[in-house]
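The values are calculated or read from the model by the stated rules, or taken from the named source; none is laboratory data. Because the structure is predicted, anything quoted here is derived from the model rather than measured. Note that each Cβ is placed from the backbone with ideal geometry, even for glycine, and that neighbours are counted across all protein chains shown. For accessibility, only protein heavy atoms count, side chains too; no ligands or nucleic acids. Shrake-Rupley method; radii C 1.70, N 1.55, O 1.52, S 1.80 Å.
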Amino acid sequence: MLVLENAPLAPLTTLRLGGPARRLVTAETDAEVVAVVREADAAGEPLLVIGGGSNLVIGDAGFEGTVLRIATTGFALEGTALELAAGEVWSEAVARTVDAGLAGVEFLAGIPGSAGATPVQNVGAYGQEVATGITEVVAYDRVAGETVTLDNADCAFSYRHSRFKADPDRYVVLRVRFALEDAAGQSSPVRYAEVARTLGAEAGQRVPLRTAYETVLALRAGKGMVLDPADHDTWSAGSFFTNPILTPEEHQAFLSRVEGLNAPLYPAADGCTKTSAAWLIDRAGFTKGYGSGPATLSTKHTLALTNRGRASTEDLLALAREIRDGVHASFGVELVNEPVMVGVEL
Ligand SMILES: Cc1cc2nc3c(=O)[nH]c(=O)nc-3n(C[C@H](O)[C@H](O)[C@H](O)COP(=O)(O)OP(=O)(O)OC[C@H]3O[C@@H](n4cnc5c(N)ncnc54)[C@H](O)[C@@H]3O)c2cc1C
């Protein structure tokens with residue numbers, strides 16, 4: 001177990017932002033993870049768990065407490081049942097499932113970060129989300145002081161949300177179990193229009209598994225959504241804002257403001273309607289590459305706020321506030337940040 005005092009956190013995040021941790025502990029086994037959490041909790045010490053740092057905005061002042069970096073390993077595939085240790089690199093695990101000829105997470109290719117973080121915000125992309133494949137999550141429950149196994153329903157998954165996100169100081173994910181599908185070398189049914197168009201497939205159709213995987217990787221790379229240290233467009237936390245979910249009343253009010261603009265609208269749960277944060281940002285005047293300071297919008301995607309190399313967290317947040325307020329002024333819709341804020345607020 002590696003322990004460092006006053007350790008810089010910026011290099012552990014994909015935004016490369018944030019001040020130091022008072023103490024940084026890297027745990028390589030489940031037992032080490034649990035021991036660090038127990039010790040911090042017993043001492044009343046603030047604790048921040050991190051995996052790949054790809055969904056985190058850490059304040060310039062850093063973190064006055066223990067940061068636990070989960071670096072556990074374990075990829076166990078038996079038939080179609082997959083168990084991943086929390087510290088496994090998600091994109092590498094997805095690649096291995098495709099090599100094994102199994103469908104279920106192929107459209108989630110190229111998403112940065114750790115396997116253990118995927119249930120936290122119910123990671124999703126291109127018509128697939130982990131909630132569909134997860135059977136169980138093994139986690140250390142800091143309230144009960146014991147390791148528990150939560151089934152899919154216990155995880156309370158919804159769009160970019162879960163029980164783990166709702167109660168962030170309670171669970172530390174140790175292992176994630178998936179049921180994959182042996183579809184004879186074919187992918188899961190294509191659900192996302194852009195993927196279907198690119199593949200010349202119909203929605204609902206299956207395509208060769210590797211073709212689906214490679215198509216998603218290429219689409220993502222074109223939007224700066226695959227990490228590349230040499231490309232500042234990928235020095236981001238991915239999508240900075242979630243797609244707004246409008247209640248029926250909000251939907252009506254929104255329609256009156258976007259008449260004739262052909263705004264993207266999709267049915268969501270409970271009679272609500274989802275619209276596109278990227279569309280709102282673009283139409284409010286914040287086009288690709290917007291910004292002249294050290295933090296700007298990605299030149300490839302309006303939803304990614306990026307560090308051009310010399311930004312501070314405050315620079316990034318100033319841009320985020322400008323965009324949130326501009327979208328609100330134009331469309332009356334409040335954008336909500338997707339990444340987790342540590343020691344800062346939007
Ligand atoms: C270029 C880019 C593209 C992206 N594309 C997508 C996308 O398409 N879809 C999508 O959903 N997300 C996307 N993201 C966001 C991000 O990759 C995911 O949210 C990812 O799951 C975060 O994993 P992480 O290990 O980096 O988590 P971190 O950033 O380290 O942590 C995020 C949150 O999870 C908590 N956490 C981490 N590990 C654990 C654990 N083991 N137990 C309990 N809590 C934990 C942390 O405390 C924190 O609150 C993208 C990010 C980038 C930079």
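With the structure loaded, tell me whether Thr247 is within 16 Å of the ligand (Cβ to nearest atom) and over 25 Å from Trp90 (Cα atoms) or whether it fails that test. No, not satisfied.
Report yes if Gly110 is within 11 Å of the ligand (Cβ to nearest atom), touching a Leu at 6+ places or on another chain (Cβ under 6 Å) and among the small types (Gly, Ala, Ser), otherwise no. Spelling it out, Gly110 is indeed within 11 Å of the ligand (Cβ to nearest atom), touching a Leu at 6+ places or on another chain (Cβ under 6 Å) and among the small types (Gly, Ala, Ser).
Out of Gly53, Gly65, one residue alone is part of a loop (DSSP other than H, G, I, E, B), in contact with a Pro (Cβ under 9 Å, 6 or more places away or on another chain), within 13 Å of the ligand (Cβ to nearest atom) and open to solvent by less than 30 Å² (accessible area, probe 1.4 Å). It is Gly53.
Please tell me if Arg177 is part of a strand (DSSP E or B) and open to solvent by 60 Å² or more (accessible area, probe 1.4 Å). Against the criterion (part of a strand (DSSP E or B) and open to solvent by 60 Å² or more (accessible area, probe 1.4 Å)), Arg177 qualifies.
In the range 193-205, which residues are of a type outside the set (Val, Ile, Thr), open to solvent by 20 Å² or more (accessible area, probe 1.4 Å) and without any contact (Cβ under 8 Å) to a residue 40 or more places away in the chain? Within the range 193-205, Ala193, Arg197, Leu199, Gly200, Glu202, Ala203, Gly204, Gln205 qualify.
The condition of being free of Cβ contacts under 8 Å to residues at least 24 places away in the same chain, among the charged types (D, E, K, R) and near the ligand (Cβ under 10 Å from one of its atoms) holds for only one of Asp167, Asp228, Asp151, that being Asp228.
Here's the yes/no breakdown for (1) in contact (Cβ under 8 Å) with a residue 60 or more places away in the chain; (2) more than 10 Å from the ligand (Cβ to nearest atom):
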| residue | (1), (2) |
| --- | --- |
| Met1 | no, yes |
| Ala7 | yes, yes |
| Arg22 | no, yes |
| Val33 | yes, no |
| Glu39 | no, yes |
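In the set Asp41, Asp60, only one residue is in a helix (DSSP H, G or I), more than 30 Å from Val195 (Cβ to Cβ) and open to solvent by 40 Å² or more (accessible area, probe 1.4 Å); that residue is Asp41. The criterion of being open to solvent by less than 20 Å² (accessible area, probe 1.4 Å) and farther than 19 Å from Asp325 by Cβ does not hold for Thr296. The residues listed here are Val138, Val172, Val105; of these, the one that is within 9 Å of the ligand (Cβ to nearest atom) and within 20 Å of the chain's Cα centre (by Cα) is Val172.
Note on the range 86-101: residues that are assigned to a loop (DSSP other than H, G, I, E, B) and either more than 12 Å from the ligand (Cβ to nearest atom) or free of Cβ contacts under 8 Å to residues at least 40 places away in the same chain (or both) amount to 3.
Okay, residues lined up against (1) within 16 Å of the ligand (Cβ to nearest atom); (2) touching a residue at least 40 places away in the same chain (Cβ under 8 Å); (3) assigned to a loop (DSSP other than H, G, I, E, B):
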residue: Asp233; (1), (2), (3): yes, yes, no
residue: Gly238; (1), (2), (3): yes, yes, yes
residue: Ala253; (1), (2), (3): no, yes, no
residue: Tyr266; (1), (2), (3): no, no, no
residue: Lys274; (1), (2), (3): yes, yes, no
residue: Leu280; (1), (2), (3): no, yes, no
residue: Gly293; (1), (2), (3): no, no, yes
residue: Thr299; (1), (2), (3): yes, yes, yes
residue: Asp315; (1), (2), (3): no, no, no
